[in-house]
1. Can you work out the base-10 log of I(q)/I(0) for the protein assembly as shown at q = 0.08 1/Å, using the Debye formula on its C-alpha atoms alone?
2. First check a/c for region A:252-409, with a ≥ b ≥ c the square roots of the eigenvalues of its C-alpha gyration tensor; if it is under 1.5, answer rounded, and if not, answer prolate when a/b is larger than b/c or oblate otherwise.
3. Quick one: B:Ser24, C:Ser58, fewest Cβ neighbours within 10 Å first, how do they rank?
4. For region C:61-161, what is the per residue volume of the convex hull drawn over the alpha-carbon atoms, in cubic angstrom?
5. Apply the Karplus curve 6.51 cos²θ - 1.76 cosθ + 1.60, θ = phi - 60°, to the phi angles in region A:52-64 and return the couplings in whole Hz, x for Gly and Pro.
6. What's the magnitude of the charge dipole for chain A around its Cα centre, counting Lys and Arg as +1 and Asp and Glu as -1 at the beta-carbon? Answer in Debye, nearest 20.
7. Given the pairs A:Lys238/C:Lys104; A:Lys320/A:Lys399; A:Lys196/C:Lys128, which span a C-alpha to C-alpha distance of over 28 angstrom in this model?
8. Counting each DSSP H run of 4 or more residues in chain A as -39500 (n - 2.57), what helix-only mean residue ellipticity at 222 nm follows after dividing by all residues, to the nearest 500 deg cm²/dmol?
Amino acid sequence: EPDASTFQKQVSLLFADWYRICELPAGNDTPSTKFILQLHQNGLLRGDDMSDRFFRILLEISVSHFGEVMQSSQQVQSSFLAIDIYSKLVYSILKYCPVDQGSSKLFLLPKILAVTVRSIQKDHDEKKEDFNPRPYFRLFINWLSDIGSLDPLHDGVNFQVLSAFANAFHALQPLKVPAFSFAWLELVSHRTFMPKLLTGNSQKGWPFLHRLLVDLFQFMEPFLRNAELGELIRFLYKGTLRVLLVLLHDFPEFLCDYHFSFCDVIPPSCIQMRNIILSAFPRNMRLPDPSTPNLKIDLLEEMSQAPRILSEVDAAIKAKQMKADVDEYLRTRQQGSPFLGELKQRLLLSPKEAAHAGTRYNVPLINSLVLYVGMQAIQLLQARNRSQPQSLSSDLVDKAALDIFQTLIIELDTEGRYLFLNAIANQLRYPNTHTHYFSFILLYLFSDAHQEIIQEQITRVLLERLIVNRPHPWGLLITFIELIKNPGYNFWNRSFTRCAPEIEKLFESVSRSCG
Amino acid sequence: LGIDLTTLGLNLNSSENLHKTFASPWSDEPAKGGPDFSIPECYY
Amino acid sequence: DLGAIGDSISGTPNSGGMHDRLYNLQMLEAAYYKLPQPKDSERARSYTPRHPAATPPSYPQVQAPIVNNPAFWERIGLDTMGTDTLFFAFYYQPNTYQQYLAAKELKKQSWRYHRKFNTWFQRHEEPKVATDEYEKGTYVYFDFHVGSDELQQQGWCQRIKTDFTFEYNYLE
């Protein structure tokens with residue numbers, strides 16, 4: 001319902017009063033606190049419909065002021081004046097507004113953010129190409145700095161603030177407000193927000209940042225599929241790389257723990273971006289040089305430790321009602337079970353979904369199946385090794401899991417096989433049980449293959465991850481080195497290593513760079 | 001083939017945290033000036 | 001909501017606010033010409049002294065440029081009486097580049113700023129306990145002595161605090 005014109009005028013006058021208070025010399029909080037108290041007594045801070053209108057009108061006044069001043073003078077600082085005054089008002093309200101007994105001091109924050117989000121969405125949908133993100137960006141930057149450091153005495157308050165902003169940013173994600181994308185990424189990665197979300201609070205902030213990065217990758221995915229980037233997308237892509245590099249450097253454990261879901265949403269063509277995530281390793285870990293002569297990776301202590309995975313690995317197979325069948329097959333390995341025969345079909349998308357996705361296969365489902373099966377096999381092996389320490393090497397592999405992997409590698413077509421092999425290669429990371437197991441599986445599938453095309457594809461999946469610029473995951477390097485060094489794989493006698501002079505040179509070059 | 005990530009303007013060998021001086025995803029240069037320290041009101 | 005992405009992101013339909021690729025590209029292009037500028041996220045970094053001293057016009061009216069030189073602050077840091085200067089710059093010149101440079105020097109001397117107490121701490125000995133969330137032990141911290149009588153002058157001092165828990169959440 002439209003606002004009453006008298007109410008609009010009242011709000012406008014209040015804003016003018018607040019502006020005059022902001023102009024007074026600093027050091028005396030009394031005029032501010034009195035003003036806030038007055039607002040409270042006028043019923044404008046109850047968090048109800050009237051509150052919403054109050055904040056919305058203030059925001060609209062501030063944004064329109066920005067627009068007017070920018071048009072007339074292009075003076076940035078003066079055009080932000082109203083936005084700065086408004087952001088200060090909200091900060092002061094949160095600081096000084098009296099609250100009822102038992103209420104959180106910050107109960108208004110999510111409501112104010114909700115009003116802001118709706119205003120931005122409306123402005124964006126109405127103005128389209130004429131939408132200007134800058135005043136909203138300024139507003140959020142001010143708030144992140146001021147409200148973000150409000151009352152650092154209370155950890156819980158600090159997390160409330162961060163999660164409120166994280167929820168707002170999720171609502172403003174690029175898929176929903178595309179013209180806000182650049183401003184959005186700068187806000188999400190800002191030093192007053194992203195590091196705070198990842199530090200302290202018992203890592204409760206981690207799922208929020210995970211969700212935001214997934215939002216970003218989901219937006220970019222259709223544009224990155226074909227690896228031919230226009231200038232615009234390249235710009236966004238480079239910005240994303242910078243953010244990932246900051247995370248890799250300062251918070252590698254975060255990338256480690258969510259690698260699985262990030263690989264779900266990064267297209268296979270983004271090899272370097274994916275490698276950045278897969279190269280992450282815990283800061284307290286020291287990785288042995290993969291080119292060390294006679295490196296006995298099986299004896300590395302870390303190889304017997306499971307990585308922490310915070311992504312929900314079995315979500316996709318659960319959603320497709322596959323998990324029970326997978327569990328059943330792993331448990332019984334029943335001969336004649338239709339499970340293996342039907343597996344390929346179940347991994348396909350419908351034609352309509354495939355047209356939208358640019359692939360015939362359900363990539364998250366393949367990823368989920370591969371990692372879930374591998375994790376079950378590893379558990380079984382570890383249980384078996386505890387009870388029978390002297391197991392024979394042929395028993396070191398859980399046969400049911402191997403059935404599944406072998407079925408897939410034989411029956412899938414080139415596209416499906418590539419995606420399947422990607423799912424395995426995505427587990428070749430820092431030393432841990434998954435790296436160990438999947439490295440073994442990949443090499444086993446290579447040696448066991450009866451068709452050279454399969455060996456060629458395995459090689460290709462490894463090679464394409466190695467020929468891009470650094471970083472390269474440790475597990476990828478040791479797997480490739482093992483493949484080319486171990487005479488058991490007879491790698492250099494495969495015809496595809498010599499199919500063209502350029503390819504020969506490529507292999508020699510990569511093997512030299514691996515030491 | 002990806003790009004040389006050392007050309008993005010981040011000091012990847014730094015022993016200090018990068019996020020402290022991360023200016024923006026669109027910038028080749030670090031932010032100048034460091035964090036906003038909060039200090040007691042009496043000093044303002 | 002914060003867990004799984006869903007069974008197939010590639011199967012997400014165009015509905016509920018999700019726009020198609022061409023539209024997204026058009027919006028992105030428009031946004032490219034309205035990128036946030038560095039000034040958009042900069043707060044005013046000027047310092048206004050609370051009680052400016054009245055000085056004759058022959059005195060320099062602006063700070064000497066050398067105070068913006070990191071090497072200048074490194075020299076102060078090396079000086080035996082330098083810590084007081086660094087503390088002075090940190091507290092009395094908020095929102096300036098000098099504050100940042102002074103903080104950098106203090107950090108080099110293993111002082112760490114605590115955001116709850118708004119003061120600097122230094123380990124007096126290796127912490128007795130250290131976890132991902134905090135460390136605990138004996139620390140020296142920077143304080144201001146109020147001075148209760150004529151014999152005890154007020155001024156800055158350093159005190160020792162035993163059995164103190166420094167939560168990393170508060171580490172600047």
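What follows is calculated from the coordinates using simple rules that are stated; it is not laboratory data. Please read all numbers here as calculations on a predicted model, not as lab measurements. Methodologically, a virtual Cβ is constructed for each residue, glycine included, from the backbone with ideal geometry; neighbour enumeration extends over all protein chains shown.
1. At q = 0.08 Å⁻¹ the computed log10 ratios are -0.77.
2. Values: a/c = 2.12, a/b = 1.15, b/c = 1.84.
In terms of gyration-tensor shape, oblate.
3. On the way: B:Ser24 24, C:Ser58 6.
Going from least to most buried by this count: C:Ser58, B:Ser24.
4. Values: hull volume 14.9 nm³, N = 101.
In region C:61-161, the Cα hull volume divided by residue count equals 147 Å³.
5. Whole-Hz 3J(HN,Hα) from phi for region A:52-64: 4, 4, 4, 5, 5, 5, 4, 5, 5, 4, 5, 5, 5.
6. Computed about the Cα centre, the dipole is about 440 debye.
7. Details: A:Lys238/C:Lys104 30 Å; A:Lys320/A:Lys399 24 Å; A:Lys196/C:Lys128 26 Å.
Violating the 28 Å limit, Cα to Cα: A:Lys238/C:Lys104.
8. Working: 26 runs with 337 residues, N = 515.
Computed ellipticity for chain A at 222 nm equals -20500 deg cm²/dmol.
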